Amino acid sequence: MSETKNLWGGRFREVADAGFAAFNRSFGFDRRLFAADVRASLAHAEGLRAAGVLTDEEARQIADGLQTMLMRARVEADYFEQLEAEDVHSFIEARLVELIGDAGRKLHTGRSRNDQVATALRLWLREELDAITERVRATQGALLDLAEAHADAVLPGYTHLQRAQPILWAHWCLAYFEMLQRDRERLADARRRTNVMPLGAAALAGTSYPIDREQVARALEFDGVARNSLDAVSDRDFCVEFAAAASLIMLHLSRLAEDIIIYATTEFGFIELGDAISTGSSLMPQKKNPDALELVRGKAGRIFGQLLALLTMLKGLPLAYNKDMQEDKEAVFDAADTISAVLDVTTTVLRNISVRAEQARAAAMRGYMNATELADYLVRKGLPFRQAHEVTGRIVLGALARGIELNDLTLAELRAFSALIEQDVYDALALAQTLNTKAQTGGTAPVRVAEALAAARASLATE
């Protein structure tokens, strides 16, 4: 393996310490920016040609050489191992000079590794944001499929992990759909600020060559150019925003995983996990473990850590570029890899679970989950809510003492607590009525949930 010459060696008399050189080297991970950096270099070369810095022939040679490098990187498995480089930028320059000679040494005119790496990272992350957004969309689609497949299923809703009120299964699915919808909006917003071009800021003060930055930005499909050269090379807000958006996605997916893990336990039994997404125990033959979901839950901490790493790395840096910022890439790369894998696995999980509708419905009819309906019934009969709440609480105590549900109390027993209670109370306490009364926008009434499902499906198809 040959080694590239440093891009900065002219001022130095002695070679760098081998340990320091290895510590300083980033090619092991920043070579992921290769294609993005080559693309930016192609646009920069054209900008230099238009500015009269490169001749037409030199620009053509550079473009041909860069395209050849892209092709070789695709077909040669060991392409990046053939040359030891400090970073991806020195690798590209060394390879280019090998291919086309002195013209390759002119490519770096008017730019620094500072604006070069910032540009390549933005180009790379822009594509990742698009791919992650599509993965979020796929997870949302799986949630809608699951909701529509069990449109009539009912399960208990919880607060404090205590049974509270019955809800439709589809309503539960739509809750996570809404979380992911906000996540897609955040990704789009992060992409908008990522899609600003720093190239042309050079090291920190801007370039002295008459390069048309706006034209270069258009060639690279950036929305615009960074307006301040100092800020352009030192800005990593877009990395932090991505990691923050990824953290919120992971937070939502972790909560989703936790719900499914709980619902799949023997104690709850609302969901059956498919074999494709479960593992067994090396000791206990009866076990079916939700390892995929537990890993989803566990990997949330990994992405939260990358967000904290970025914030901590940046918080005390003076303007403009500092070598600390080399640490941005591994955090961003790992966050992107992790969130992509977790979204894919979550989508697979959602397509490999089944709802045990009868068991979930039975649970939704136990535990005095219609107590609020009884209080509302008394309110409709003219009792102030606070008094209705008090009366209902006493009725629940009476039912608890006998180990029966509210529906099982006789009319005479109910009237012993309030003369306002009449025969129609049993209609109010029925499961269907408990659901149907939640008919305001956003409620769990079947008619509202059906509308929300249709709207969600339409939004997913058109956005």
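Taking Cα centre as origin and charging only the Cβ of basic (Lys, Arg, +1) and acidic (Asp, Glu, -1) residues, the dipole magnitude of segment 205-303 rounds to 240 debye. Using C-alpha pairs under 8 Å with a sequence gap of at least 6, the mean separation divided by the residue count of the chain gives a relative contact order of 16 percent. Note on Arg218 and Glu358: the extension gain reaches 44.6 nm, defined as 0.36 nm multiplied by sequence separation minus the Cα-Cα distance. Here, P(r) means the percent of Cα pairs in each 10 Å bin from 0 to the largest distance; for segment 416-463 it is 24, 31, 24, 13, 7, 2. Taking the square roots of five times each eigenvalue of the Cα gyration tensor of segment 80-212, the equivalent ellipsoid has semi-axes of 52, 17, 12 Å, listed largest first. Angle of helix 371-380 to the longest C-alpha principal axis of the chain, folded into 0 to 90 degrees and rounded to 10: 70°. Of the solvent-accessible surface of segment 110-247, computed with a 1.4 Å probe and all protein chains present, 48% belongs to carbon and sulfur. For Leu54, the residues whose modelled amide H falls within less than 5 Å of its own, excluding neighbours fewer than 5 places apart on the same chain, are Arg49.
What the Cα convex hull of segment 112-163 gives, in volume per residue, is 90 Å³. Set the Cα radius of gyration of segment 306-463 against 2.2 N^0.38 Å, with N its number of residues, and you get 1.76.
Within straight-line reach of Lys381, meaning a Cα separation under 20 Å, sit the following aspartates and glutamates at least 8 residues removed in sequence or on another chain: Glu373, Glu390, Glu413, Glu422, Asp424, Asp427.
Using Cα atoms only, what is the angle between the long axis of helix 291-314 and the major principal axis of the chain, expressed in degrees (0 to 90) to the nearest 10? Around 50 degrees separate the two axes. Applying the Karplus relation 6.51 cos²θ - 1.76 cosθ + 1.60 with θ = phi - 60° to segment 171-188 yields 3J(HN,Hα) values of 5, 4, 4, 5, 4, 6, 4, 5, 4, 5, 5, 4, 5, 5, 5, 5, 4, 5 Hz, where x marks Gly and Pro. What whole-number value in cubic angstrom gives the convex hull volume per residue for the C-alpha atoms of the chain? About 208 Å³ per residue, rounded to a whole number. Each peptide in 75-85, 209-219 was scored by the mean count of other Cβ atoms within 10 Å over its residues; highest first, the order is 209-219, 75-85. Bridges between two residues of the chain, per DSSP, are antiparallel at a rate of about 70%. Where a Cα-Cα gap under 22 Å defines reach, which lysines qualify for Lys106, not counting those fewer than 8 residues away within the same chain? Result set, ordered by chain and number: Lys5.
Rounded to the nearest 20, the size of the Cβ-charge dipole of the chain about its Cα centre is 820 debye, with Lys and Arg at +1 and Asp and Glu at -1. When you have a sec, figure out the Kirkwood radius of segment 268-373 from all distinct Cα pair distances and drop it here in Å to one decimal? About 17.7 Å for segment 268-373. Need one number: the % of Cα-Cα pairs in segment 8-103 sitting beyond the 22 Å mark. When every Cα pair of segment 8-103 is considered, 36 percent fall beyond 22 Å.
Could you give P(r) for segment 48-116, binned at 5 Å from zero, as whole percent values over all Cα-Cα pairs? Histogramming segment 48-116 at 5 Å steps yields 3, 16, 25, 25, 18, 8, 3, 0 percent. Rounded to the nearest 20 debye, the dipole magnitude of segment 313-463 is 440 debye, with +1 charges on Lys and Arg beta carbons, -1 on Asp and Glu beta carbons, and the Cα centre as origin.
The values are calculated or read from the model by the stated rules, or taken from the named source; none is laboratory data. All of these numbers come straight from a predicted model, not from anything done at the bench. Because the Cβ atoms are built from the backbone with ideal geometry, glycine has one as well, and the counts that use them run over all protein chains shown. The area values use the complete protein model at the heavy-atom level, side chains included, leaving out ligands, DNA and RNA. Shrake-Rupley method; radii C 1.70, N 1.55, O 1.52, S 1.80 Å.
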